[in-house]
There are 2 protein chains.
Amino acid sequence: MYDSIRAVQWDGGMLCLLDQRELPQQEVYRNLSDVNNVAQAIRDMVVRGAPAIGITAAYGVVIAARHRYAQDAAGWKRALEADMAVLSNARLTAVNLFWALQRMREAIAVIDTANEPTAALLAAARRIHEDDVSANRRMGELGAQLVDSPCAVITHCNTGSLATGGYGTALGVIRSAYSKNKITQVYADETRPWLQGARLTAWELVKDGIPVTLLADSAAAHLMKQGQVKWVIVGSDRIAANGDVANKIGTYNLAIAAKYHGVKFMVVAPTSTVDMSVDSGSDIPIETRSTEEVLAVQHQRIAAPGADAWNPAFDITPADLIDAIVTEKGVVAAPTADKIAAMMENDL
Amino acid sequence: MYDSIRAVQWDGGMLCLLDQRELPQQEVYRNLSDVNNVAQAIRDMVVRGAPAIGITAAYGVVIAARHRYAQDAAGWKRALEADMAVLSNARLTAVNLFWALQRMREAIAVIDTANEPTAALLAAARRIHEDDVSANRRMGELGAQLVDSPCAVITHCNTGSLATGGYGTALGVIRSAYSKNKITQVYADETRPWLQGARLTAWELVKDGIPVTLLADSAAAHLMKQGQVKWVIVGSDRIAANGDVANKIGTYNLAIAAKYHGVKFMVVAPTSTVDMSVDSGSDIPIETRSTEEVLAVQHQRIAAPGADAWNPAFDITPADLIDAIVTEKGVVAAPTADKIAAMMENDL
C-alpha cells in the first residue's frame, strides 16, 4: 500500500531511469546502455538519493562489464577498473555509491575471468536492489513504531521510492506510519535549491494518495512552534561511526530547530549508508554544487546579476541532535559510536 | 556612500513606486494617483518592507485627501476615513502602516476643514519619509558600532533602500559597517518564498558596489558552523513591548541557529516599528499569503499538482534569542519590557 513508484529499473538489458530533473512536469524515462552515460546521469541528478545512486552504479557495472567482455574477453576485469573509477567519481558525499561498487567488486572477484560476466553481475546488482527495498520495508516498520501517538511530521528532501530501490527510507517510515493512522499531516520542506520536496516528495505522496503540505524550508521552526509536529523524519547520505549524519543541506538547521522545540529527530537509512571508516561527521566530504542551482530556479534566473552564491549540497547533523537512527538492523536511540558499532555487528 | 536607490518617491504630484515584483529583471516605476491603487500596490507587494509600506500609505493619504477635497470641499475629512480604512487593510503584520496612518490622522486633525489639504499633508508625508531616512542613518551608525572586529554577517529578506525611505535598517547597518571595513563578507539568505534576498538585497548591494553571496535559507546553520559569521542582522515588521520581534518568515529559524552557534543576533528597526500596545509576540497578527507563492516561483509552477502548501509571511523571534535591538533612539541589549519602555521614552 502507498507504494507504486520505481525510479530505477533493469529492463530489456538496459538500465531505465525516471529522469528526476523533469519531475513533476513530465515523466521521462531514460534508457542507458553505456557506463559513461550512467555516471553522467548520477552527476546530473537524473537519479539522486543515496540508495538509488548505489543501485544505479551497480547496474552501471553490469553494463560496463558486458561491454568490456565483448571488447576483450581476456582483459575485461582490468579494463573494467576504469569504469568503476568513473562511476566512483560521479558524486562525493553519499557513501552508498562506494558501498555498492565494493559489493560489485566482490561479485567480480568470484567470476572466472573466462566467463561472460553479465548474468552473474546482474544477479548481484538485482540483489543490491532487492535488499534495499527489503531494508526500506523493515525500516518502515521499525520507524513507525517510534511514532507513538497520531501527530504531524516534517520531512526534508526526497527519501522515497525515487531516492531508493523503492518505498523509501524516511518516506518509507512515513508511508508505514500513515498506513497505521499514526500521522495526521505530512509537512514537506520544499528543499531549496533543487526543490526535491516540492517536485519529488510531493509528486510521490500525491501519487500514492498521501496528502502533503509544502512549506518554505525556513518556515519549519515557526511550524514546530505551533505544537502539532512531534517528529522530524529524514534520510541520510552517509552516517559516520559516531552517529553524525550527512544529509541534504538544511537537515542540520532542522535538527537544531527540533531540539529547541523538543520535537524528536529520526534519521532513517540502510546500513549501506553507514561508513564505519569515518570517525565523525567532520571527516565526511561535502559536495559543493554549481552556484546556478541557487541563482536560478529550473533554468529561470532569479538572482540579481553580479551576485555570487554558496551552494553546499549537504550538511552534517551531530549525533547529539538525533533521537533515533533507524536501519534495517534496528533502532539506535541517542546514537553513540558504541551503539552504532553494536548495531552494525548485529547479524540479522 | 553605498546609497543610490530610492524606491518610494513623490514626483509631479504623484506617488512613484519602483515595482519590486519586477526586480531584478526590470526597473519599472509605477505612477499612482488613486488611493485604491496605492492600497493594491501595498497588498500585491509592488512596495514592501515595513517602513516603505508606512511611507507609501502616508503618500496615499495625500492622494486620497486631494481627491476627496476636490469632490466635496466641506465633507472631505469624513470621506477620507473610508480611504484610510482601505489603506489600513492592505496588510496585516507591519505596524508601520498603522503608525504612519496615525501620524497622518494627527496632521489631518490640525488642518482647517475649509482648506485644501494637499500641501499640509504632503509636508507631513515628506516628514515621515525624511525622518525614516534619518533614523536609518542613525541606526547604521549605532549598529555598526556593535560589530567590533571584521567578520562575515548574514542577513535575511530585504531591509535596504527598497524596504524603507532609503538606506535601510539592517542593510543600513551593513552599509555602514562595510564602509568602515568591519564586514568581510555579506551573506544574504535568498528568502523563500518571495526571494527578497536573491532578487532585491542582491540587486541593491550589487548596485551599490557591496559584494554579496547568496545562499539557500536552510544553509545558514551550516554556514554558521564554519565560524566566520559573527552577526545575523535583520529588520522587523513589528516589535512587541517585551522585545519579541515579528519579521519575515525564517527569521526565527535563523535566531535559533545563531543562538546554537554563539552567533550574535541584531534586529534593526525604527521606533515606528515598535508597538507598545502589544505585550508580546503572540499578540502580533501573522499574515498568511497565497499558497501560490510556495507552489510556484515567479509564476513558474514548481510543485507537484495536488500538493497543498502553508505560507505564513512572518514569524516571531522571542526576545531571549536577540542580542540587540537597534532603533534610532539607541541600542537595547538583551531586550526586556523595561528596557524597551525606557528606550521609547528616550526623547532625542
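The values are calculated or read from the model by the stated rules, or taken from the named source; none is laboratory data. The model shown is predicted, which means the values in this text are computed figures rather than measured ones. Cβ: placed from backbone, ideal geometry, glycine included. Neighbour counts: every protein chain shown. The accessibility values were calculated without ligands, DNA or RNA, using every heavy atom of the protein model including side chains. Shrake-Rupley method; radii C 1.70, N 1.55, O 1.52, S 1.80 Å.
Over chain A, what is the mean sequence separation of C-alpha contacts under 8 Å (at least six apart), divided by residue count, expressed as relative contact order in percent?
16 percent
For labels at A:C16 and B:R301 in the simple 7 Å Cα→Cβ model, what's the distance in nm?
Between A:C16 and B:R301, the simple spin-label model gives 2.6 nm.
With just the Cα atoms of chain A, tell me how far they stretch along each of the three principal axes, in Å, largest first.
Each principal axis gives a Cα extent; for chain A these are 65, 53, 39 Å.
Heads up, I need the accessible area for A:Y178: 1.4 angstrom probe, whole protein in place, Å², nearest 10.
For A:Y178, solvent-accessible area is about 50 Å².
Solvent-accessible area of B:I316, probe 1.4 Å, all protein chains present, reported in Å² to the nearest ten, please.
Only protein atoms counted, so the area is about 30 Å².
Quick one: ranking A:E141, A:E130, A:E204 by accessible area, 1.4 Å probe, largest first, what do you get?
Reading off the accessible areas and sorting them downward yields A:E130, A:E141, A:E204.
What percent antiparallel are the DSSP beta bridges of the protein assembly as shown, to the nearest 5?
45 percent
Taking a point 7 Å out from Cα toward Cβ as the label site, list the nm distances between B:A82 and the same residue in every other copy, smallest first.
Here B:A82 shows inter-copy label distances of 8.2 nm.
Where the accessible area of the protein assembly as shown is counted over protein heavy atoms with a 1.4 Å probe, how much of it, in %, is carbon and sulfur?
Its accessible area is 48 percent carbon and sulfur atoms.
With N set to the number of residues, divide the alpha-carbon radius of gyration of the protein assembly as shown by 2.2 N^0.38 Å and report two decimals.
1.06
Solvent-accessible area per residue for segment B:261-335 at a 1.4 Å probe radius, Å²?
Per residue, segment B:261-335 has an accessible area of 35 Å².
Find every distance from the label point of B:M344 to the corresponding label point in the other copies (7 Å from Cα along Cα→Cβ) and write them in nm, one decimal, shortest first.
5.8
Whole number in Å², please: accessible area per residue of segment A:186-252, 1.4 Å probe, ligands, DNA and RNA not counted.
So segment A:186-252 comes to 17 Å² accessible per residue, rounded to a whole number.
Using alpha-carbon positions, what is the distance between the centroids of segment A:225-254 and segment B:242-274, in Å?
When both Cα centres are located, 24 Å separates them.
About its Cα centre, what dipole magnitude does the protein assembly as shown give when the only charges are +1 on Lys and Arg Cβ and -1 on Asp and Glu Cβ, stated in debye to the nearest 20?
So the magnitude is around 280 debye.
In what order, largest first, do B:W203, A:W310 sit by accessible area if the probe radius is 1.4 Å?
A:W310, B:W203
Please compute how much accessible surface disappears when B pairs with A, both sides summed, using a 1.4 Å probe, and round it to the nearest 100 Å².
Buried area between the two chains comes out at roughly 4300 Å².
Rounded to whole angstrom, how close does the nearest chain B beta-carbon get to the axis mapping B onto A, and which residue is it?
B:V297, 2
Once you sort the root eigenvalues of the Cα gyration tensor of segment A:151-253 as a ≥ b ≥ c, which label holds: rounded (a/c under 1.5), prolate (a/b larger than b/c) or oblate (the other case)?
rounded
In segment A:121-139, whose amide N lies under 18 Å from the spot 7 Å out along Cα-to-Cβ of A:E106? List them in ranges.
In segment A:121-139, the label zone of A:E106 (backbone N under 18 Å from the point 7 Å along Cα→Cβ) covers A:121-136.
If A:H129, A:H261, B:H67 are ordered by their accessible area, calculated over protein heavy atoms with a 1.4 Å probe, which sequence runs from highest to lowest?
B:H67, A:H261, A:H129
So, for segment A:1-119, what is the accessible surface per residue at a probe of 1.4 Å, expressed in square angstrom?
Using a 1.4 Å probe on heavy atoms only, each residue of segment A:1-119 averages 42 Å².
Fully extended, how many nm does the chain gain between A:E292 and A:K77 (0.36 nm per residue separation, minus their Cα-Cα distance)?
Result: 73.5 nm gained on full extension.
Calculate one ³J(HN,Hα) per residue across segment B:278-283 by plugging θ = phi - 60° into the Karplus curve 6.51 cos²θ - 1.76 cosθ + 1.60, and present them in order as whole Hz with x for glycine and proline.
Calculated HN-Hα couplings, in order: 10, 5, 8, x, 5, 8 Hz.
Just to be sure I understand the model, the point goes 7 Å from the Cα along the line to the Cβ. What's the resulting A:A337 to A:I210 distance in nm?
Going by the 7 Å Cα→Cβ label model, 3.5 nm.
Could you give, in nm with one decimal, how far A:G209 is from each other copy of that position, shortest first, with labels 7 Å out from Cα toward Cβ?
6.4
Looking at chain B, send over the antiparallel percent of its DSSP beta bridges, to the nearest 5.
Just about 50 percent of them are antiparallel.
Return the sequence-ordered ³J(HN,Hα) values of segment B:71-81 in whole Hz as given by the Karplus equation 6.51 cos²θ - 1.76 cosθ + 1.60 applied to θ = phi - 60°, using x for Gly and Pro.
Taking θ as phi minus 60°, the curve returns 6, 7, 4, 7, x, 4, 5, 5, 4, 5, 4 Hz for segment B:71-81.
Cα-Cα over 32 Å: which of B:K180/B:K329; A:K180/B:K259; A:K329/B:K259; A:K180/A:K339; A:K264/B:K248; B:K207/B:K248?
A:K180/B:K259; A:K329/B:K259
Working out 0.36 nm times the residue gap between B:A70 and B:S33, then minus their Cα-Cα distance, what length gain in nm do you get to one decimal?
Computed gain between B:A70 and B:S33 is 12.0 nm.
With the dipole of the protein assembly as shown worked out from charges on the C-beta (+1 for Lys and Arg, -1 for Asp and Glu) around the Cα centre, which of B:S4, B:N96, B:M343 lies farthest toward the positive end?
Towards the positive end, the residue furthest out is B:S4.
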